[in-house]
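Colleague: This is the structure I have questions about; it appears just below.
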Amino acid sequence: MTKALEGVKILDFTHVQSGPTCTQILGWFGADVIKVERPGVGDATRKQLVDKPGADSLYFTMLNHNKRSMELNSKNETGKEVLTRLIKECDVLVENFAPGALDRMGFSWDRVHEINPRIIMASIKGFGPGKYEDCKVYENVAQCAGGSASTTGFLDGPPLVTGAQIGDSGTGLHLCLGIVTALFQREKTGVGQRVSVAMQDSVLNLARVKMRDQQRLEAGPLKEYSQFGEGIPFGEATPRAGNDSGGGQPGRILKCKGWETDPNAYTYFIIQAAVWEKVCDLIGEPNWKTDTGFATPPERLDKLNQIFERIEQWTMTKTKFEIMDLCNPLDIPVGPILSMKEIAEDEGLYATGTLVKVDHPERGEYISVGCPIKLSASPVEVERSPLLGEHTEEILRDVLKYSDEEIQTISESGAIGEVRKAAE
Ligand code: CAO
């Protein structure tokens, strides 16, 4: 079966997390992803958070599946010639260097477009044009600048960053969509274009509902926030809402059986109006179905602490999985707080390819997260990440059509480091 992006060549000039997330997805969909790395050094994440000395780190291997690695010094004159030929051959150039780095290398958008008018050049930067455009940016900086941190956490605590990498991986996803959209447009126009995504913008896009609330504040207090029921006045900006749900239905994280020793023995519990009567019966408070002060959602707003404390008395008698089994048939929305250990042991996720076990020549078998997007006519096979420079010679020969003598000359110029053959 062919893959959706088969025949599309990606010049992958990305590093760390944001860019590699994007090109990994393109690789999963069948694109030929050629990762260009500094000779002898490579993507810095190869050697970050090392768990097995001498082997590429999980940080690197889990973000660089289905790619080929080529060592190339793009500041060396011969290296620039090789890069120019790569630009001619490829459909997309993806990069997330610091602002200005590509220009300093001599490959501005104008130059890239001149070399190959069909190429799409896709870039991630921390900020869009404006006063912060020259800043180098990492995950948590983007979470803070994109409005997420100010709206995460509890009202009486400091701003919080979230564990989900919405700044890096979230931006990579946005870029990926921009690239396939530009490829689609190129089918009609025949020419490439620039795709730019700023990490601040991506985080803000994911925090869209909090900008909704910022404007609703002008019309009065946000009644679905717990602080309204608690009588705490609102300030000028969207406040932190603890574990309140963003959609307006009252919800909390509640303790379950075993919470004293298990840090993840918790469940999310939502009391939608449509299932209120079933919740009352389940927790043994049938009178709340009709009692004044409890029967309708507006009446309940100032009693949410009391109501959730009562529900928690019930949830503490059950495991989070028993709660799931009891509530789901009643359409009461609940969600067990799953630890990464529990997720890693979930056979169902391996069956769908969302989790995969990958073999690696340096580190043996490891667990990775597979492709979360399932295409029925373009199945994903997760391939291990490449060793540094593993495919340099193969790409010079097969993709760029250099002869043996030319490869020898390139090698002697110092542009590609030591030439290695692909691992068996
Ligand atoms: N050959 C020769 N030089 C190379 C090269 C290659 N194959 N690949 C990279 N380089 C050079 C760059 O040209 C740059 O040189 P100059 O400083 O002379 O221009 C240098 O390596 C360092 O690149 P960098 O500035 O991108 O890397 P950094 O470690 O200093 O900064 C980061 C890292 C992520 C902060 C920065 O790249 C950035 O802001 N990127 C955009 C935002 C982003 O993606 N952030 C998320 C990262 S994931 O948390």
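Colleague: So in segment 1-13, with the set limited to residues that are of a type outside the set (D, E, K, R) and farther than 18 Å from V112 by Cβ, which one is farthest from the ligand (Cβ to nearest atom)?
Modeller: The extreme case among them is M1.
Colleague: Given the structure, is S74 of a type in the set (G, A, S) and near the ligand (Cβ under 8 Å from one of its atoms)?
Modeller: Yes; evaluated as a whole, the condition is true for this residue.
Colleague: Scanning segment 14-35 for residues that are part of a strand (DSSP E or B) and open to solvent by less than 10 Å² (accessible area, probe 1.4 Å), which turns out farthest from the ligand (Cβ to nearest atom)?
Modeller: In this case the residue turns out to be V33.
Colleague: Which pairs do you get when a residue that is aromatic (F, W, Y) and surrounded by 14 or more Cβ atoms within 10 Å (Cβ to Cβ), found in segment 43-61, comes within reach of a residue that is at pLDDT 95 or above and part of a helix (DSSP H, G or I), reach meaning Cβ atoms under 8 angstrom, with the pair 6+ apart or on two chains?
Modeller: Close Cβ pairs satisfying both conditions: Y59/T45; F60/T45; F60/R46.
Colleague: Taking the stated definitions as given, is G172 touching a Cys at 6+ places or on another chain (Cβ under 9 Å), within 11 Å of the ligand (Cβ to nearest atom) and either closer than 30 Å to S226 by Cα or not acidic (D, E) (or both)?
Modeller: In short, yes.
Colleague: Let me ask another. Can you name every residue in segment 293-343 that is farther than 30 Å from L222 by Cβ and surrounded by 13 or more Cβ atoms within 10 Å (Cβ to Cβ)?
Modeller: Across segment 293-343, the qualifying residues are K318, T319, F321, E322, L326, S339, E342, I343.
Colleague: Consider T152 against the criteria (1) of a type outside the set (A, V, I, L, M); (2) more than 14 Å from the ligand (Cβ to nearest atom); (3) without any contact (Cβ under 8 Å) to a residue 40 or more places away in the chain: it satisfies all of them except one. Which criterion is unmet?
Modeller: Of everything listed in (1) of a type outside the set (A, V, I, L, M); (2) more than 14 Å from the ligand (Cβ to nearest atom); (3) without any contact (Cβ under 8 Å) to a residue 40 or more places away in the chain, T152 misses just condition (3).
Colleague: Determine whether segment 196-218 contains at least one residue that is in a loop (DSSP other than H, G, I, E, B), open to solvent by less than 70 Å² (accessible area, probe 1.4 Å), at pLDDT 95 or above and not aliphatic (A, V, I, L, M).
Modeller: Checking segment 196-218: not a single residue is in a loop (DSSP other than H, G, I, E, B), open to solvent by less than 70 Å² (accessible area, probe 1.4 Å), at pLDDT 95 or above and not aliphatic (A, V, I, L, M).
Colleague: I'd like the full set of residues that are under 17 Å from A415 (Cα atoms) and near the ligand (Cβ under 8 Å from one of its atoms), limited to segment 79-101.
Modeller: The answer is G79, and nothing else.
Colleague: Please verify whether segment 347-368 includes one or more residues that are among the acidic types (D, E), closer than 30 Å to L83 by Cα and open to solvent by 30 Å² or more (accessible area, probe 1.4 Å).
Modeller: yes
Colleague: Given the criterion within 11 Å of the ligand (Cβ to nearest atom) and of a type outside the set (A, V, I, L, M, F, W, C), identify the matching residue among P39, P117, P53.
Modeller: So the residue among P39, P117, P53 that is within 11 Å of the ligand (Cβ to nearest atom) and of a type outside the set (A, V, I, L, M, F, W, C) is P39.
Colleague: Taking segment 104-139, which residues are of a type in the set (A, V, I, L, M, F, W, C), within 18 Å of V195 (Cβ to Cβ) and surrounded by fewer than 17 Cβ atoms within 10 Å (Cβ to Cβ)?
Modeller: Result: I115, single match.
Colleague: Please find, among T238, T261, the residue that is away from the ligand (no atom under 16 Å from the Cβ), within 29 Å of A142 (Cα to Cα) and of a type in the set (V, I, T).
Modeller: T238
The values are calculated or read from the model by the stated rules, or taken from the named source; none is laboratory data. Note that the coordinates shown come from a computational prediction; the quantities given were computed from them, not determined experimentally. Note that each Cβ is placed from the backbone with ideal geometry, even for glycine, and that neighbours are counted across all protein chains shown. Surface areas here come from the heavy atoms of the whole protein model, side chains and all, with no ligands, DNA or RNA. Shrake-Rupley method; radii C 1.70, N 1.55, O 1.52, S 1.80 Å.
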